[in-house]
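> Before we start, here is the structure in question, set down as structure tokens.
The values are calculated or read from the model by the stated rules, or taken from the named source; none is laboratory data. These numbers were taken from a predicted model, which means no experiment stands behind them. So basically every Cβ, Gly included, is an ideal-geometry build from the backbone, and we count neighbours across all protein chains shown.
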Amino acid sequence: MIIVTRPGITAEELDHLRERIEALGLRTHMSRGEQRTIIGCIGDEARLREVPLAAMPGVEQVLPVLKPYKLAAREFAAAPTEVQVGNVRIGADAFVVIAGPCSVESREMLETTALAARAAGARILRAGAFKPRTSPYSFRGLGDAGLGVLTDVRSRTGLPVVTEVLDPRHVERVAEHADMLQVGARNMQNFTLLEEVGRVHRPVLLKRGMSATITDLLLAAEYIMSQGNMHVVLCERGIRTFETATRNTFDVAAIPVLKRETHLPVIADPSHAGGRRDLVPALSFAAIAAGADGIMVEVHPRPEEALSDGEQSLSIEEFAPMMERVGELARLMGRAWESSKEMFVA
Ligand code: PEP
Ligand code: MN
């Protein structure tokens, strides 16, 4: 249930409303827009019927949220949610590029990649310390040593870092090192993990499962948010279809559909979507044109030597010129690109 307030509601009226709802054992979530505040009510809605909410001062409308997801639903927030990762904003007017190698391989390679990515305009560094691999015999990441490398490179470059957490038992540990936690495609419906990342104070990057519908993705976000963590960014990374020319099929329509369904930021991962280096620029541009709030791109100083996902990683020499066009397109789409780039001009 959401309560839409009248423009001009006083602070006392708002407090009074919140107290009445919380006295019934429900939680409230305030979302302030330019004109109106939306009070989201979380809990046993039947109890709300005991209170004549619609007649209370300052209330314009009381509406049920009809979608299966509630906290993630568009209606729940008065404005698009902005998620803050370190000193970087994602969502609303901000457009962000997240870049880095698939895996943390060594401090030297991560630092080289981070500096080059930063110079090209990327604002968040991404690399996996714990890697979910299809084969148990593939490189599965440096684990805890990789987390140490990430914090090291963050302090040397000023870039906030995002890294994947695979196991509910690792959440606290990864959260101590990372500015944002990634839940990967394979874990999108690991409900124990979702609830665990919902309990920590770190934003979460939630990737769409390869066989997940858009509703499945939004309900996965709901698992996180229902534990109190509202800082979720969704990521379209391609889905499995009958097509074999690409690693996955990039579902570009998911971006505008998600933007209509939810207030959460939506980004795209053109690297895993296509699985091919040559497709990364085209898929990135398509994502921006479709309204994405950012892209996440795999970049490696020597892709041919990468320990994971080398075939879809851009070299630094390929990433930098692509970023010129990314900036132009982001501006064309009305995004605050300049301000985001300026912060890190070395
Ligand atoms: C990754 O981001 O490197 C990764 C493993 O992606 P996904 O979970 O989308 O497969
Ligand atoms: Mn990868």
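> Looking only at residues in the stretch 126-161 that are hydrophobic (A, V, I, L, M, F, W, C) and more than 16 Å from ligand 2 (Cβ to nearest atom), which one is nearest to V85 (Cα to Cα)?
This residue is L159.
Yes/no matrix, rows are residues, columns are (1) closer than 23 Å to E82 by Cα; (2) in contact with a helix residue (DSSP H, G or I) (Cβ under 8 Å, 6 or more places away or on another chain); (3) modelled with pLDDT of 90 or more:
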residue: E13; (1), (2), (3): no, no, yes
residue: E22; (1), (2), (3): no, no, yes
residue: G25; (1), (2), (3): no, yes, yes
residue: E34; (1), (2), (3): yes, no, no
residue: T37; (1), (2), (3): yes, yes, yes
residue: L53; (1), (2), (3): no, yes, yes
residue: M56; (1), (2), (3): no, yes, yes
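Residues checked against (1) in contact with a helix residue (DSSP H, G or I) (Cβ under 7 Å, 6 or more places away or on another chain); (2) outside any strand (DSSP E or B):
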residue	(1), (2)
R49	no, yes
E60	no, no
V65	yes, yes
Y69	yes, yes
E75	no, yes
A79	no, yes
Q84	no, no
V97	yes, no
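> Any residue in the stretch 257-273 that's at negative phi and polar (S, T, N, Q): show its pairings with residues that are within 11 Å of ligand 1 (Cβ to nearest atom) and in a helix (DSSP H, G or I) at Cβ separation under 9 Å, as long as the two are six or more apart or on different chains.
S271/Q312
> Which condition number in (1) crowded, with 17+ Cβ neighbours inside 10 Å; (2) modelled with pLDDT of 95 or more; (3) within 26 Å of M109 (Cβ to Cβ) is the one that R302 fails?
Going through the list (1) crowded, with 17+ Cβ neighbours inside 10 Å; (2) modelled with pLDDT of 95 or more; (3) within 26 Å of M109 (Cβ to Cβ), R302 breaks only (1).
> If you don't mind, there's one more thing I want to ask. Filter the stretch 99-121 for residues that are assigned to a loop (DSSP other than H, G, I, E, B) and away from ligand 2 (no atom under 16 Å from the Cβ); which is nearest to P80 (Cα to Cα)? Break it down stepwise before answering.
Narrowing the stretch 99-121 to residues assigned to a loop (DSSP other than H, G, I, E, B): 101-102, 104-106, 121.
With away from ligand 2 (no atom under 16 Å from the Cβ) added as a condition, the list becomes 106, 121.
Numbers: S106: 37, G121: 24 Å.
The extreme case among them is G121.
> Right, next: Identify all residues within the stretch 1-43 that are part of a helix (DSSP H, G or I) and among the acidic types (D, E); write none if there are none. Don't jump to the end; show me each part of the working.
Within the stretch 1-43, the subset part of a helix (DSSP H, G or I) is 11-23.
Matches in the stretch 1-43: E12, E13, D15, E19, E22.
> Looking only at residues that are surrounded by fewer than 21 Cβ atoms within 10 Å (Cβ to Cβ) and without any contact (Cβ under 8 Å) to a residue 60 or more places away in the chain in the stretch 311-321, which one is farthest from ligand 2 (Cβ to nearest atom)?
Among them, the one singled out is P321.
> Can you tell me how many residues in the stretch 220-243 are touching a helix residue (DSSP H, G or I) at 6+ places or on another chain (Cβ under 6 Å) and among the basic types (K, R)?
1
> Identify the residue in the stretch 167-200 that is in a loop (DSSP other than H, G, I, E, B) and aliphatic (A, V, I, L, M) and, among all such residues, is nearest to ligand 1 (Cβ to nearest atom). It would help to see each step written out before you state the result.
Taking the stretch 167-200 and keeping what is in a loop (DSSP other than H, G, I, E, B), we get 167, 178-179, 184, 188-190, 199-200.
Then keep just the ones that are aliphatic (A, V, I, L, M); that gives 178, 188, 200.
Numbers: A178: 13, M188: 8, V200: 19 Å.
Among residues in the stretch 167-200 that are in a loop (DSSP other than H, G, I, E, B) and aliphatic (A, V, I, L, M), the one nearest to ligand 1 (Cβ to nearest atom) is M188.
> Which pairs turn up if I take residues in the stretch 119-135 that are farther than 16 Å from A306 by Cα and modelled with pLDDT of 95 or more and look for partners that are within 16 Å of ligand 2 (Cβ to nearest atom) and among the aromatic types (F, W, Y) with beta carbon separation below 6 Å, at least 6 apart in sequence or on another chain?
Taking only residues 6 or more apart or on different chains, the pairs are A120/F319.
> Considering only the stretch 162-214, state which residues are of a type in the set (K, R) and within 14 Å of ligand 2 (Cβ to nearest atom).
R186, K207 - these are the residues of the stretch 162-214 that are of a type in the set (K, R) and within 14 Å of ligand 2 (Cβ to nearest atom).
> How many residues are exposed (fewer than 14 other Cβ atoms within 10 Å of the Cβ) and among the charged types (D, E, K, R) if we restrict to the stretch 28-41?
The total comes to 2.
> To continue, here is another question. Within the stretch 274-291, work out how many residues are in contact (Cβ under 8 Å) with a residue 60 or more places away in the chain and either within 14 Å of ligand 1 (Cβ to nearest atom) or assigned to a loop (DSSP other than H, G, I, E, B) (or both).
Adding up the residues that qualify gives 0.
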